Amino acid sequence: MSILRLFPALWCAALLSGCFAPLVPDLSRPQAQEWDSQVANEGPVVELRAWWHVLGDPQLDALVQEALAQNLDLAQMFSRVQGERQITERWSSKFLPALNADAHPVQDVPAQDMYFHASLDMVWELGLFGAMENARLKAMADLGYAQADLQSMRVTVIASVVRNYMDLAQARRQQALLEETAKLDEQALSLAQVRWQTHLGSYEALEQARLTQTQTRDQYLNLQERADRAARALALLLGRDQPDFLWAMGAQARLPQTFTLRQVPADLVRIRPDISMAQAEVLQAAAQVGVARSALYPRLRLGGSILYSYNITRNMRTSTDSVPSIGPMLDIPLWDWGARRARVRASEKELDAALLGYRKAVVTAVSEVEQSLAALVNQQSRIQTLQQASQVLQQGQIRQQTLVGLGLSSELELLQARRAHLKAQADLELAQDSRVLAFVALYKALGGAPLPQEQEP
């Protein structure tokens with residue numbers, strides 16, 4: 001076939017390929033414009049990409065930046081994204097003319113002469129019937145999935161840094177309160193011994209004082225283990241070999257009483273990495289459907305070759321030493337039509353599954369944010385209740401101290417009042433830290449993390 005006669009056929013095929021554009025499904029978005037659980041939306045506005053700054057702790061800010069720069073999981077994931085980008089940038093290479101050169105000796109059938117063959121071959125995959133467009137969609141979806149996976153890792157790393165930092169600081173503060181409690185337990189044990197020796201108290205009261213002292217010591221050791229574990233986890237997140245136990249000394253992270261949450265349910269599709277990953281999976285599945293459908297149609301390739309042959313045995317040249325050839329190569333599905341059609345149906349089912357996965361990701365995201373908001377609101381109510389209880393116990397301690405001064409109460413009752421007040425302070429500290437952790441969970445559920453530089457608008 002003449003190359004001039006081939007052009008009209010190629011033009012018609014190119015026009016037909018426009019009718020096979022990738023079919024991208026319409027992905028639903030959450031319709032709600034507000035959350036079921038509401039925060040006050042007063043006070044400072046929390047920036048989604050830097051939400052930890054609202055805690056007002058410069059040391060924490062520095063640790064988060066260090067984790068983003070030094071975390072080994074992030075570095076590993078970033079390298080994978082870079083590799084995926086290299087592949088994506090060259091997605092069209094399979095649809096460009098491919099040249100291949102070859103040289104080898106050949107012996108004729110009678111085994112009389114030896115020939116030297118050199119050839120230059122060219123094959124051009126035209127990518128008709130949607131093959132090229134779906135290959136591009138698949139490459140872009142693969143890159144989008146890798147980028148969303150990296151962003152998901154950034155969200156997790158930042159939330160883990162803040163959580164472990166708060167756990168470490170919380171354990172140290174609880175230990176400080178337990179040290180005060182241990183001093184009171186020591187005084188209570190001494191008083192119980194005196195009362196038992198003077199027959200003013202029972203031996204059971206003395207044993208109870210010893211048991212209380214032992215329990216306080218056990219709580220202190222448990223907190224020490226918790227602090228060590230949090231410090232080790234934080235060091236691992238920062239890519240360090242050893243933790244810095246001075247981290248807890250400068251911790252001053254506190255969440256404002258009120259803050260402004262600007263995100264609404266509809267924003268989750270744009271900011272949650274796992275939803276972006278589910279979107280990429282839908283696009284990957286849609287591209288596979290397009291590729292499978294394109295395989296139902298004839299596959300047209302252009303081929304060309306120049307073969308040079310030289311008779312080594314006779315050391316002679318002829319007019320037919322060089323043989324050029326060019327023409328189309330057509331792959332028509334005949335006997336394997338059923339198998340190709342089955343692959344289309346299978347890929348369509350994979351697309352249905354990907355769409356269900358996307359819907360599940362959206363529903364899960366909304367549910368996680370709602371749970372975090374509810375926990376945040378509940379912790380705030382709990383803090384208010386514990387503050388009232390602490391004030392009542394503090395007033396009771398003052399009254400006991402006055403009664404002891406007047407000789408109307410014992411020293412042991414005053415120690416018990418002080419211990420109860422310390423316990424209330426410890427509970428209040430735990431509630432305040434739990435509120436911060438609920439805030440961390442909220443912004444992890446929202447997908448809060450800075451974008452990589454190449455993704456920033």
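Of note:
- When the range 211-239 is filtered for residues that are among the charged types (D, E, K, R) and surrounded by fewer than 14 Cβ atoms within 10 Å (Cβ to Cβ), the ones remaining, listed by number, are Arg217, Asp218, Glu225.
- The single condition among (1) out of contact with any helix residue (DSSP H, G or I) (no Cβ under 6 Å at 6 or more places or on another chain); (2) within 30 Å of Lys423 (Cβ to Cβ) that Trp335 does not meet is (2).
- Hits in the range 252-265 - residues which are part of a loop (DSSP other than H, G, I, E, B) and either buried (at least 18 other Cβ atoms within 10 Å of the Cβ) or without any contact (Cβ under 8 Å) to a residue 40 or more places away in the chain (or both): Ala253, Leu255, Phe259, Leu261, Gln263
- Criterion violated by Glu179 - all others in (1) in contact (Cβ under 8 Å) with a residue 12 or more places away in the chain; (2) surrounded by 14 or more Cβ atoms within 10 Å (Cβ to Cβ) satisfied: (2)
- Selection within the range 221-247 - outside any helix (DSSP H, G or I) and either closer than 25 Å to Glu179 by Cα or of a type in the set (Phe, Trp, Tyr) (or both): Pro243, Asp244, Phe245, Leu246, Trp247
- Residues that are surrounded by 13 or more Cβ atoms within 10 Å (Cβ to Cβ), under 30 Å from Asp102 (Cβ atoms), among the hydroxyl-bearing types (Ser, Thr, Tyr) and over 40 Å from the mean Cα position of the chain (by Cα) are absent from the range 323-337.
- Residue within the range 88-98 that is assigned to a helix (DSSP H, G or I), out of contact with any Pro (no Cβ under 7 Å at 6 or more places or on another chain), under 29 Å from Gly448 (Cβ atoms) and not basic (Lys, Arg) present: yes
- Among the residues of the range 283-331, those that are out of contact with any strand residue (DSSP E or B) (no Cβ under 6 Å at 6 or more places or on another chain), modelled with pLDDT of 75 or more and assigned to a loop (DSSP other than H, G, I, E, B) comprise Ala295, Leu296, Tyr297.
- Evaluating Lys94 against the criteria (1) under 28 Å from Val161 (Cβ atoms); (2) touching a strand residue (DSSP E or B) at 6+ places or on another chain (Cβ under 8 Å); (3) of a type in the set (Lys, Arg) leaves one unmet condition, (1).
The values are calculated or read from the model by the stated rules, or taken from the named source; none is laboratory data. Fair warning: this is a prediction, and the values are worked out from it, not measured in the lab. Every residue, glycine among them, receives a Cβ derived from its backbone with ideal geometry; neighbour counts consider all protein chains shown.
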